[in-house]
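Please read the structure below before turning to the comments.
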Amino acid sequence: SDFVTFSPPALQELPGFYYDAEKNRYFRLLPGHNNYNPLTKDSIQHKAMERKRLRLLEEEEKQIKKTTRPGLNSSVLLQKRQLGLLSSRSYCRLVHELKVNCMQRRKIEIHSPDSSVAGTNNFKIIVADVACERIFTVNDVEHGGCKYGIINLSGLGKESLTVEMYDNLYFTNRKVNSVCWASLTHPDSHLCLMGIAETPGCASLLPASLFSSTNPGDRPGMLCSFKISTAWSCAWCLNPQADNCFSTGGLTRRVLVTNVVTGHRQIFGISSDVLAQQFARQTPMLYNGCRSGEIFSIDVRQRSRKGHSWKAIRLFHGSAITSIHLMEAEHYLMAADMAGKIKLWDLRTTKCVKQYKGHHNEYAILPLHVNEEEGLLTAVGQDCYTRIWSLQDAHLLRTIPSPHPSSKDAIPSVVFSSRLGGSRGVPGLLMAVKQDLYHFSYT
């Protein structure tokens with residue numbers, strides 16, 4: 001027969017069958033025919049995930065709120081604060097939790113002088129500058145390669161949800177794996193891009209002014225560009241002892257630190273590929289996350305040398321590191337890996353002090369977004385869900401479903417800030433997925 005009516009006390013994995021919870025039956029998995037199999041475990045899991053996503057979207061549209069913590073509401077918090085039962089810091093942190101739980105999704109209208117920019121290419125990466133006034137975007141284009149642009153968030157008001165997007169068509173067709181803002185002539189004046197131009201790859205430093213309404217269609221040269229094997233990470237140094245320097249790491253088992261003014265380059269040979277990097281601000285230290293699961297720091301003032309003697313701090317995960325974030329006081333470092341683990345490390349004791357559970361990742365290089373002022377950690381999983389945790393106690397506050405069906409090419413890219421558009425901007429979460437940009441209001 002094609003199915004077995006069988007309800008054991010505990011569900012078991014039966015070879016060649018899958019269990020349908022709604023029908024309370026085991027169904028036979030059909031063998032493939034002419035490379036087409038209508039019933040596979042992957043297709044079954046995908047349908048189940050899609051049902052869950054649609055259910056969560058429906059709950060959000062109906063404003064069905066699930067309280068993140070029992071008894072947490074604004075009136076109770078205010079009363080406890082007035083009675084002196086909550087410190088100012090704890091009160092602010094819990095208020096942020098309430099706001100995160102109440103965010104509502106609204107679609108943003110994108111205006112562009114070039115009509116070919118908006119609504120035709122899928123967002124791949126969005127990265128905000130330090131002030132969250134601009135968003136640099138990398139979009140996949142239909143014929144292959146990428147297109148770059150900058151979105152100005154000044155028009156992101158409470159009533160109007162419109163933004164201006166500018167691109168420069170000269171810089172196209174270059175696959176980008178990693179982007180960071182660089183402060184050379186003034187804060188966030190340039191952009192470091194790591195990726196593949198031809199073979200080998202390319203590392204470039206571009207002026208942000210190339211992507212503005214006052215500079216359309218110009219074709220100036222790059223400030224810095226050199227060939228490199230496939231690069232997966234980059235970081236700009238803001239410490240004055242390593243001024244005008246940026247680092248690159250990738251599939252070369254080495255770290256390159258380049259001074260863009262003098263052209264001087266330091267090369268550190270290592271034993272694994274570097275997938276994530278960040279410079280410290282208070283010291284000239286560069287932190288690196290590797291495919292091997294190791295995290296180590298380099299004092300960039302020293303000469304290049306092989307071996308491990310120059311590694312100042314060494315931490316270890318059980319899987320490839322996909323993202324690292326050094327906390328403001330620089331005593332702690334957050335790291336995520338390809339096993340879906342997110343850990344907070346104390347750099348003084350080299351011990352893991354917190355784990356943030358629920359993140360989903362198996363093979364993708366996905367960033368972490370830490371907002372210490374609001375006490376929040378945000379990460380998008382390979383399952384296309386955006387999750388927000390409390391930094392304080394690692395409590396999962398909210399899971400946001402994607403507006404689009406989940407797939408490898410539809411993983412959202414997000415930016416969270418309480419000042420989107422600058423010091424007087426609107427707070428909230430920006431989500432770029434497929435061709436659309438969404439704002440989750442945070443009021």
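Listing for the model above:
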| item | result |
| --- | --- |
| Fully extended contour minus Cα-Cα distance, from LYS351 to TYR91, at 0.36 nm per residue | 90.7 nm |
| The stretch 107-441: C-alpha gyration tensor shape, a/c 1.5 cut-off, then a/b vs b/c | oblate |
| Cα-projected label distance for ALA364 with GLN104, points at 7 Å along beta-carbon direction, nm | 2.8 |
| Under the Karplus curve 6.51 cos²θ - 1.76 cosθ + 1.60, θ = phi - 60°, whole-Hz ³J(HN,Hα) for the stretch 320-328, x wherever Gly or Pro sits | 4, 7, 9, 7, 9, 9, 7, 6, 4 |
| From phi via Karplus (6.51, -1.76, 1.60), per-residue ³J(HN,Hα) for the stretch 232-239 in Hz, x at Gly/Pro | 10, 8, 8, 7, 10, 9, 10, 7 |
| Model label zone, ALA312; criterion: amide N under 17 Å from point 7 Å along Cα-to-beta-carbon; scope the stretch 322-342 | 325-334 |
| Exceeding the 26 Å Cα-Cα cut-off - candidates LYS99/LYS357; LYS23/LYS341; LYS354/LYS434; LYS52/LYS357; LYS62/LYS341; LYS52/LYS175 | LYS23/LYS341; LYS354/LYS434; LYS62/LYS341; LYS52/LYS175 |
| Amide hydrogen neighbours beyond the local backbone of PHE279, cut-off 5 Å, H modeled | TRP236, TYR287 |
| Amide H contacts of VAL176 (H built 1.01 Å from N, under 5 Å, at least 5 apart or other chain) | ILE196 |
| Distant-in-sequence amide H partners of LEU420 (H built 1.01 Å from N, under 5 Å) | VAL426, GLY428 |
| Amide N of the stretch 91-113 lying under 17 Å from the label point, which is placed 7 angstrom from the Cα of THR443 along Cα→Cβ | 96, 98-109 |
| Proximal aspartates and glutamates to LYS351, defined as alpha-carbon separation beneath 16 angstrom and excluding residues fewer than eight positions away on the same chain | GLU294, GLU330 |
| Overall Cα dimensions of the stretch 238-277, principal axis frame, Å, largest first | 28, 17, 12 |
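Any read-out appearing in this document is the output of simple, stated calculations on the displayed coordinates, not a laboratory observation. Not measured: the values here are computed from a predicted model. Cβ: placed from backbone, ideal geometry, glycine included. Neighbour counts: every protein chain shown.
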